[in-house]
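The values are calculated or read from the model by the stated rules, or taken from the named source; none is laboratory data. Here the structure is a predicted model, which means the values were calculated and not measured. Every residue, glycine as well, gets a Cβ built from its backbone with ideal geometry; the counts of neighbours run over all protein chains shown.
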Amino acid sequence: MKIFNTLTRNKDEFVPIKEGEVKIYACGPTVYNFIHIGNARPLCVFDVLRRYLIWRGYKVKFVQNFTDIDDKLIKKANEEGITVSEVAERYIKEFKVDSKGLNVMEADVHPRATENIDKIIEIISELFEKGYAYKAGNDVYYRAKKFNGYGKLSHQPLEDLEAGARISVGDIKEDPMDFCLWKGAKEGEPFWESPWGKGRPGWHIECSAMAGRYLGKTIDIHCGGLDLIFPHHENEIAQSEAANGCEFAHYWMHNGFINVDNHKMSKSLNNFFTVRDVANAYGYEPIRYLMISSQYRGPINYSVDIIEQSKNALERLYTCRDNIDFALKNAPEGGEKPAFCETRKQEFIAAMDDDLNTADALAAVFNLVREINTAIANGAGKNTLEECARTFDELNGVLGLVYNRKTDNIDSEIEELINKRTEARKNKDFKTADEIRDKLKSMGIVLEDTPQGVKWTRA
């Protein structure tokens, strides 16, 4: 498998640190509100990465943090007159609802920043010992220029980074490039005891601590959105490598942005949507489909038309899977395992091995759907159909799609009515047959007469 590595700007062959095992850290949400559709993209994309690696036989440890102490949480808590932890608990719960709705596998570890203060203090202490950290007023800062590799992830020369840095009035940093490791306590804010006085951690140090604690000093893959490359991920590298004396992550994967109606998503433009907003209107699965329907590094556009297209594409997948089940009930014994199943599977693998190209992987799935439909129309036997079902479920399972299949059985009343209608048609009592069809329709049951028998679906 090749991965586009932000660090090298090349598609690098993926070689794990330990054969057969992969350690992944994904930056999670700051839990002060519902997640928006931009947040849904890394959730879905890197969930597919995880699923694919597991499918290919790797043992994957996936860690995704919650940032549960931050200026935004404090502001929210003050506005509502509640504690920061109450804000965090509420939105962690809501995150899990949306995550489950999107069929995202729960992380192996979901650490919270506030649970790792001891590790944060440990790293900052190490940075002090090595001369990378210093205290200014009540805060602790990192000497960015002391780290020789600063800027290597964002590929920006130090002079360009300096040009963009600013010192605010009253700022007591040694250099504009320096960033905060520990914020001194302010009136009315949560705080923890530390060797440098009461305070709370800076954002960047939180992820260094949590990645290090749960995955070790060097991890295989670190992932997140393009907006995190600088300064967040750049600062993570500087902190972690200075403290540990070794490479922080071998591969860096970053997903592209989401536009809304071809405009940057913004509250001021009134085009800002939460995942919950969209899910209430269209369901969760079309969102997931949209997020993985194009190459993850490029931008994608959200619009009503596009989410409707996603719904229609999903309907094709569901219809195909239902057709397999129906055909199996009446299929003749025997039949060969179709060669096209293995062909499409190899197409799928080739796409996914090319930097997680989910767009081409989906194309392989829809090629499979077309061939399955043809096989059903040609009266395929049970062995053929069973292999079609296995391949279909396998590939869609890797993508995390077709996860809302109805499993309910027809109740005895509906079964009896369908049997009565079938008998009426045999007796050419079409009036009774039509009346029964209409009654079933009013109950939300739609019938389709096929050469293999009566097929029913819920409207």
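Among the residues of this structure, LYS76 does not count as one that is basic (Lys, Arg) and either within 21 Å of the chain's Cα centre (by Cα) or not assigned by TED's automatic domain parsing to the domain that holds PHE248 (or both). Taking the condition modelled with pLDDT of 95 or more and either in a strand (DSSP E or B) or assigned by TED's automatic domain parsing to the domain that holds ILE229 (or both), does SER194 pass? Judged against the criteria, SER194 is a match. The set of residues from the range 322-360 being at pLDDT below 95 and charged (D, E, K, R) comprises ASP322, ASP325, LYS329, GLU333, GLU336, LYS337.
Based on what the data block shows, is LEU153 in a helix (DSSP H, G or I), farther than 30 Å from GLY397 by Cα and aliphatic (A, V, I, L, M)? Taking the combined requirement at face value, the residue does not satisfy it. One residue stands out in the range 246-292 among those that are within 14 Å of the chain's Cα centre (by Cα), part of a loop (DSSP other than H, G, I, E, B) and closer than 19 Å to CYS223 by Cβ: the one that is modelled with the lowest pLDDT, namely PHE257. Take the conditions out of contact with any strand residue (DSSP E or B) (no Cβ under 6 Å at 6 or more places or on another chain), surrounded by 14 or more Cβ atoms within 10 Å (Cβ to Cβ) and within 30 Å of LYS2 (Cβ to Cβ) and apply them to HIS204. Does it pass? Yes, satisfied. The one condition from (1) surrounded by fewer than 21 Cβ atoms within 10 Å (Cβ to Cβ); (2) assigned by TED's automatic domain parsing to the domain that holds TYR132 that PHE272 does not meet is (2). Sub-8 Å Cβ pairs linking a first residue in the range 201-230 that is in the same structural domain as CYS44 (by TED's automatic domain parsing) and assigned to a helix (DSSP H, G or I) to a second residue that is at pLDDT below 95 and polar (S, T, N, Q), at least 6 apart or interchain, are PHE230/GLN156, ordered by first then second residue. From the list LYS431, LYS406, the lone residue that is part of a helix (DSSP H, G or I), of a type in the set (Lys, Arg) and outside the structural domain of PRO42 (by TED's automatic domain parsing) is LYS431.
Residues of the range 1-32 that are surrounded by fewer than 17 Cβ atoms within 10 Å (Cβ to Cβ) and farther than 20 Å from HIS233 by Cβ: LYS2, GLU13, VAL15, LYS18, GLU19, GLY20, GLU21.
Go through the range 414-444 and report how many residues are of a type outside the set (S, T, N, Q), touching a residue at least 24 places away in the same chain (Cβ under 8 Å) and within 28 Å of ASN378 (Cβ to Cβ).
2
Residue-level check: of (1) out of contact with any helix residue (DSSP H, G or I) (no Cβ under 8 Å at 6 or more places or on another chain); (2) in contact (Cβ under 8 Å) with a residue 24 or more places away in the chain; (3) of a type outside the set (Asp, Glu), ARG370 misses just (2). Consider the range 426-449 and keep the residues that are exposed (fewer than 15 other Cβ atoms within 10 Å of the Cβ) and hydrophobic (A, V, I, L, M, F, W, C). The one that is modelled with the highest pLDDT is PHE430.
The set of residues in the range 1-29 that are basic (Lys, Arg) and within 23 Å of the chain's Cα centre (by Cα) comprises LYS2, ARG9, LYS11, LYS23. Within the range 45-85, the set of residues being touching a helix residue (DSSP H, G or I) at 6+ places or on another chain (Cβ under 8 Å), charged (D, E, K, R) and within 21 Å of LYS183 (Cβ to Cβ) comprises ASP68, ASP70, LYS76.
Please specify each residue of the range 161-189 satisfying the condition of being surrounded by fewer than 18 Cβ atoms within 10 Å (Cβ to Cβ), assigned to a loop (DSSP other than H, G, I, E, B) and in contact (Cβ under 8 Å) with a residue 12 or more places away in the chain. If the condition is that a residue be surrounded by fewer than 18 Cβ atoms within 10 Å (Cβ to Cβ), assigned to a loop (DSSP other than H, G, I, E, B) and in contact (Cβ under 8 Å) with a residue 12 or more places away in the chain, then ALA165, ILE172, GLU174, ASP175, PRO176, ALA185, GLY188, GLU189 are the ones that fit.
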